[in-house]
Amino acid sequence: MVENKTLGARAFSCINVILLILIALLCLIPVLNVLAISFSSSSAVSAGKVLFWPVDTTLNSYIFALKDSQFLRSLGISLLRAVLGVSVNMIMVVITAYPLAKEPSRLHGRNIYMAYFVLTMLIGGGLIPTYLVVSKVGLVDSIWALILPGALPVYYMVIMMNFIRGLPGELEEAAIIDGASPLQILTRVILPCLKPALATIALFCLVNHWNDWFSGLIYMNSSKNYPLMTYLQTQMVKFDEVLMHSGSEYIELIVKMNARTGRAAQLFLASVPLLAIYPFLQKYFTKGLILGSVKG
């Protein structure tokens with residue numbers, strides 16, 4: 001009987017491993033294909049010879065992308081947006097979640113405040129009212145138009161609040177006995193215990209800011225102020241025109257590349273920052289997500 005259970009457990013583990021490997025491959029295959037296309041010659045790509053390994057390896061597409069001043073400008077705007085946006089999101093999430101994590105007896109009107117925030121998750125103001133507000137306060141064509149409308153992501157605030165509620169109450173009580181102020185308790189006692197939640201929410205916010213292209217299209221009147229994803233979205237449609245109107249200094253590059261290789265190179269370069277940051281936060285990701293979802 002014990003042997004049957006052991007064999008069953010091993011078979012279950014093997015099936016899980018196989019399924020996870022297949023899922024990982026399904027996620028990895030499109031990335032490998034784009035990477036191979038970006039390093040391949042235009043003739044090999046046009047002939048359909050490129051799958052997961054470069055054919056007639058060349059760096060022309062990357063050279064063209066890195067010489068594109070608007071691509072670099074948009075990259076800089078996205079990097080600035082990511083730094084400012086994630087910083088604002090984390091500050092707003094922490095200072096909102098900390099008081100709401102307390103019991104109603106310690107924060108009068110706590111349930112009313114919580115209902116107000118939950119209501120914003122269920123009912124949105126809509127695109128036109130939001131644009132009118134952004135326009136009236138003079139944020140159009142400003143990087144703050146990409147940051148302030150979503151300064152407090154309520155869903156992530158709820159995750160942070162539940163994580164704080166899961167901490168032992170004795171930590172705060174001991175700090176109060178020692179004479180610590182609420183700000184000192186938050187910064188010196190609570191925040192050091194929130195590393196998994198902070199890393200998880202920071203990663204979510206970073207991905208949201210980096211991948212968002214629609215806000216840039218709506219709030220930016222000038223294409224010079226487009227963040228990277230908005231710029232790429234507009235260029236994906238008319239990359240052939242971009243190649244045709246490029247200056248004479250790009251002739252040698254254009255001859256050896258086409259729209260598919262150029263788009264693939266830009267897409268891969270756009271994903272590099274997230275790929276570089278994720279490994280440093282990945283160890284906190286699962287722990288923070290699970291711990292923040294235990295209590296309601």
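A short reminder: the numbers here are calculations on the coordinates, not readings from a lab. Every value quoted in this text rests on a predicted model; they were computed, and no experiment measured them. Backbone-built Cβ (ideal geometry, glycine too); neighbour counts: all protein chains shown.
Things to note:
- Mean Cβ count within 10 Å, highest first, over the residues of peptides 114-122, 186-194, 38-46, 136-144: 38-46, 186-194, 136-144, 114-122
- Taking label points 7 Å from Cα along the Cα-to-Cβ direction, Asn111 and Ser222 give a separation of 5.3 nm.
- An ellipsoid equivalent to region 2-46, defined through the eigenvalues of its Cα gyration tensor, has semi-axes of 42, 7, 5 Å when rounded to whole angstrom and sorted largest first.
- Long-range tail of P(r) for the chain (Cα pairs > 34 Å, %): 42 percent
- Each residue of region 74-81 was assigned a 3J(HN,Hα) from its phi angle through the Karplus curve 6.51 cos²θ - 1.76 cosθ + 1.60 (θ = phi - 60°); the sequence is 5, 4, x, 5, 5, 5, 5, 4 Hz, with glycine and proline shown as x.
- Computed log₁₀ I(q)/I(0) - Debye formula, equal Cα scatterers, no solvent, region 61-148, q 0.20, 0.23, 0.25, 0.26 Å⁻¹: -1.07, -1.15, -1.18, -1.20
- GluC sites (Glu not before Pro) within region 96-175, DSSP loop, no more than 10 other Cβ atoms inside 10 Å: none
- Highest mean packing comes first when the peptides 271-281, 90-100, 18-28 are listed by Cβ atoms within 10 Å, giving 90-100, 271-281, 18-28.
- Förster radius 41 Å - calculated FRET efficiency between Thr120 and Lys67 (Cβ-Cβ, nearest 0.05): 0.40
- Calculated FRET value between Ile18 and Leu51, using beta carbons and R₀ = 22 Å, to 0.05: 0.45
- Couplings for region 93-106, taken from phi via the Karplus curve 6.51 cos²θ - 1.76 cosθ + 1.60 with θ = phi - 60°, read 5, 5, 6, 8, 6, 4, x, 6, 6, 7, 6, x, 5, 9 Hz in order; Gly and Pro are left as x.
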